[in-house]
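*Asks:* Before anything else, here's the structure in question.
Values in this text are rule-based calculations from the coordinates and carry no lab data. The shown structure was predicted, so the numbers you read here are calculated from the model rather than taken from an experiment. Here the Cβ positions follow ideal geometry from the backbone for every residue, glycine too, while neighbour counts run over all protein chains shown.
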Amino acid sequence: MAFESILIYGAVGIGAYLSGSLPSAWLVMRLRDGTDIRTRGSGNVGALNTYRSSHSPLSALIVLFLDVLKGWLPPALLMYYGFADNLMFLFAGIGVILGHCYPVWLRFHGGRGLAVSAGFFGAVAPLVILVWGLVWLLYFILIRKHIVANLVATFLLPLIVYFTGDKFFAPHILLLTLAMMFIVFLKHLERLPDVIFGNPYEKKES
């Protein structure tokens, strides 16, 4: 790989990281009532904790929209400007989800990556969102625990892409789902002790 290509791919990864690192939930809560969402509810920097902490559907929807948008923006820009090769998508996908989950602005304490991943795949492979959503819905109906449904759907998604790839998905989509779902899965594992031992939404001391 030529040095110029390394610089371009590195710039794509860094740009995607910066896009993902915009702390939407933190900013909305700060602007709304001056609180730090990391000290409220589950401590997660995401739309669901925004709703639980603020009891404001509008605030949660704004966070959800911004999180989906910042995941959608990097691949959409790549495709718009004609730089959409598979390796660039991989750099963009990993960059944007790392930015969301580990934002430098919040000392690497971010969200769990679901909305950002949805935005990214909404631009690259919308069918992934449909499959992911259906698996999640099935397990949520059966278990009634959204964290467990998130874990199961995130774990199964790359397997589903692998076994149906020849018919429904381009080959590079498997690598994207493996890389991004691995990070999402790890972030959700942090919540398993709360789900198992109870009090998952007990408010933390500020």
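*Asks:* Quick check: from the Cα gyration tensor, does the stretch 63-180 come out rounded (a/c under 1.5), prolate or oblate?
*Replies:* Oblate.
*Asks:* Follow-up question, since we're still on this one. Choose one answer from 108, 163, 140: the residue with the largest mean-square fluctuation in a GNM of the chain with alpha-carbon springs under 10 Å.
*Replies:* 163
*Asks:* To the nearest 10 degrees, how steeply does helix 3-20 sit against the main Cα axis of the chain, on a 0 to 90 scale?
*Replies:* 20 degrees
*Asks:* A further question on this structure: Taking the beta-carbon count within 10 Å as an exposure proxy, list 190, 4 from fewest neighbours to most.
*Replies:* Result, fewest neighbours first: 4, 190.
*Asks:* When the chain is modelled as a GNM with alpha-carbon springs shorter than 10 Å, which of 36, 85, 67 fluctuates the most?
*Replies:* 85
*Asks:* I'd like to know which of 17, 179, 39 lies farthest towards the positive end of the charge dipole of the stretch 3-197, counting +1 on Cβ of Lys and Arg and -1 on Cβ of Asp and Glu.
*Replies:* Toward the positive end, the furthest listed residue is 39.
*Asks:* Rounded to the nearest 20 Debye, what is the dipole magnitude of the stretch 3-197 about its Cα centre when Lys and Arg each give +1 and Asp and Glu each give -1 at the C-beta?
*Replies:* Charge dipole of the stretch 3-197: 600 debye, to the nearest 20.
*Asks:* Here's another thing I want to ask about it. With the Cα gyration tensor of the stretch 13-134 in hand, give its eigenvalues times 5 under a square root as the equivalent ellipsoid semi-axes, listed largest first in whole angstrom.
*Replies:* One finds semi-axes of 26, 15, 11 Å for the stretch 13-134.
*Asks:* Related question: Quick one: among 158, 75, 126, which has the greatest mean-square fluctuation in a GNM of the chain with alpha-carbon springs under 10 angstrom?
*Replies:* 126
*Asks:* Then there's this: For each of 12, 45, count neighbouring Cβ atoms within 10 Å of the residue's Cβ, then give the residues from fewest to most.
*Replies:* Going from sparsest to densest Cβ surroundings: 12, 45.
*Asks:* Once the convex hull of the alpha carbons of the stretch 79-119 is built, what does its volume come to per residue, in cubic angstrom?
*Replies:* 75 Å³
*Asks:* Against the globular-protein guess of 2.2 N^0.38 Å, express the Cα radius of gyration of the chain as a ratio, rounded to two decimals.
*Replies:* My calculation over the Cα atoms of the chain gives 1.03.
*Asks:* Given the DSSP H assignment, sum -39500 (n - 2.57) over each helix run of at least 4 residues in the chain and divide by its residue total; what's the result at 222 nm in deg cm²/dmol, nearest 500? The partial results should precede the final answer.
*Replies:* Details: 10 runs with 153 residues, N = 206.
After summing the helix terms and dividing by the residues of the chain, the value is -24500 deg cm²/dmol.
*Asks:* Here's a follow-up. Per-residue HN-Hα couplings for the stretch 29-41, Karplus 6.51 cos²θ - 1.76 cosθ + 1.60 at θ = phi - 60°, whole Hz, x for Gly and Pro?
*Replies:* Going residue by residue, I get 5, 5, 5, 6, 9, x, 9, 9, 4, 5, 9, 10, x Hz, with x marking Gly and Pro.
*Asks:* Work out from phi, with θ = phi - 60° and the Karplus expression 6.51 cos²θ - 1.76 cosθ + 1.60, the ³J(HN,Hα) of each residue of the stretch 107-116, listed in order in whole Hz, and give x for Gly and Pro.
*Replies:* 6, 6, 10, x, x, 9, x, 5, 5, 5
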